[in-house]
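Q: Here it is, the structure in full.
The values are calculated or read from the model by the stated rules, or taken from the named source; none is laboratory data. Quick caveat, the model's predicted, so the values are computed rather than measured. No Cβ is skipped: glycine too gets one built from the backbone with ideal geometry, and neighbour counts run over all protein chains shown. With ligands, DNA and RNA removed, areas are computed over all heavy atoms of the protein, side chains included. Shrake-Rupley method; radii C 1.70, N 1.55, O 1.52, S 1.80 Å.
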Amino acid sequence: MRTFEPDSSIVSDIIPSPNYGERSKGRQPDMIVLHYTGMPDVEGALARLCTAGSEVSAHYVVLEDGRIVQCVPETKRAWHAGVSSWAGEDDVNSCSIGIEIVNRGHDWGYPEFPLRQIAAVIALCRGIMLRRKVPSHRVLGHSDVAPARKKDPGEKFPWHSLANSGVGHWVTPAPVVRGETLMLGTISDEVLSLQQALARYGYGVPLTGKYDAATMEVVTAFQRHFRPARLDGVADHSTLSTLQALLASLPTEGTTVASK
């Protein structure tokens, strides 16, 4: 693939990746998925994203010093989300822009995200949201769309800072307090209501009324993004209240009734 003109004026470098395709049925992107690279160094991450045969890529890579590299044009379908789903859509790659944020991730010590890097992510996302008319509630983490497989960008990612700048959906998490919980093995109408609420927000979760492993994975992903004070996969008062506050603050067209 030859070089191309950057889609964003704040891109500092173009490093074309051969790993891309056409968006299914001409689908226009209306979602942003944020990742961390999860590798020891930026050179290895860029090599993986831009080497034929790795079968992985992203539209953008945001370096720790705030520089932004574009690897795939926004019009094309980058291969960043893998097996994933959101709001009933299973081809997340076709409807999203993928942004890799350089961070070693959980397997390599998981450092904090530098302020300059987060500022660059915010600026990049704001531009994409304006160009592509991406609503705030469709700026998501990889763990949101693939909760069984992924943890990135993780509980240290400052979603609240992004939201303060108009990027992403956020409410102040309800405090963690002692009380009744829903947990693995529970079978009840309350569990079904929880599953329906998570599905209404967009998560891919089975509507069974049983708090199974899949439900626990989704609850953990939800906590990782929206209530990072405790990641235990247990639906406590804080988790449930935070979820309801998020749903209440969604625009009407932002809610999705699961068809599963």
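Q: Kindly indicate whether any position in region 195-213 is under 20 Å from G38 (Cβ atoms) and at pLDDT 95 or above.
A: Looking only at region 195-213, we keep the residues that are under 20 Å from G38 (Cβ atoms), and these are none.
No, that holds for no residue.
Q: Quick one: count up the residues across region 192-226 that are among the charged types (D, E, K, R) and either surrounded by 22 or more Cβ atoms within 10 Å (Cβ to Cβ) or within 14 Å of the chain's Cα centre (by Cα) (or both).
A: Just the residues of region 192-226 that are among the charged types (D, E, K, R), to begin with: 200, 210, 212, 217, 224.
From what is left, the residues that are either surrounded by 22 or more Cβ atoms within 10 Å (Cβ to Cβ) or within 14 Å of the chain's Cα centre (by Cα) (or both) are 224.
Final tally of qualifying residues: 1.
Q: State the number of residues belonging to region 8-26 that are of a type in the set (D, E, K, R) and either touching a Phe, Trp or Tyr at 6+ places or on another chain (Cβ under 9 Å) or modelled with pLDDT under 95 (or both).
A: Filtering region 8-26 for residues of a type in the set (D, E, K, R) gives 13, 22-23, 25.
If we keep only those that are either touching a Phe, Trp or Tyr at 6+ places or on another chain (Cβ under 9 Å) or modelled with pLDDT under 95 (or both) as well, we get 25.
Summing the residues that are of a type in the set (D, E, K, R) and either touching a Phe, Trp or Tyr at 6+ places or on another chain (Cβ under 9 Å) or modelled with pLDDT under 95 (or both) in region 8-26 gives 1.
Q: Out of the residues in region 102-127 that are of a type in the set (V, I, T) and surrounded by fewer than 24 Cβ atoms within 10 Å (Cβ to Cβ), state the one that is farthest from I10 (Cα to Cα). Reasoning before the result, please.
A: Kept after step one, since they are of a type in the set (V, I, T), are these residues of region 102-127: 102, 118, 121-122.
Checking the rest, the ones that are also surrounded by fewer than 24 Cβ atoms within 10 Å (Cβ to Cβ) come to 102, 118, 122.
Working: V102: 17, I118: 14, I122: 11 Å.
The residue in question is V102.
Q: A further question on this structure: Between residues in region 99-119 that are closer than 7 Å to G38 by Cβ and residues that are open to solvent by less than 50 Å² (accessible area, probe 1.4 Å), which pairs lie under 6 Å by C-beta distance while being six or more apart or on different chains?
A: G105/Y36; G105/G38
Q: Hey, any hits in region 177-194 for a residue that's touching a Phe, Trp or Tyr at 6+ places or on another chain (Cβ under 8 Å) and under 25 Å from I99 (Cα atoms)?
A: Within region 177-194, none of the residues are touching a Phe, Trp or Tyr at 6+ places or on another chain (Cβ under 8 Å) and under 25 Å from I99 (Cα atoms).
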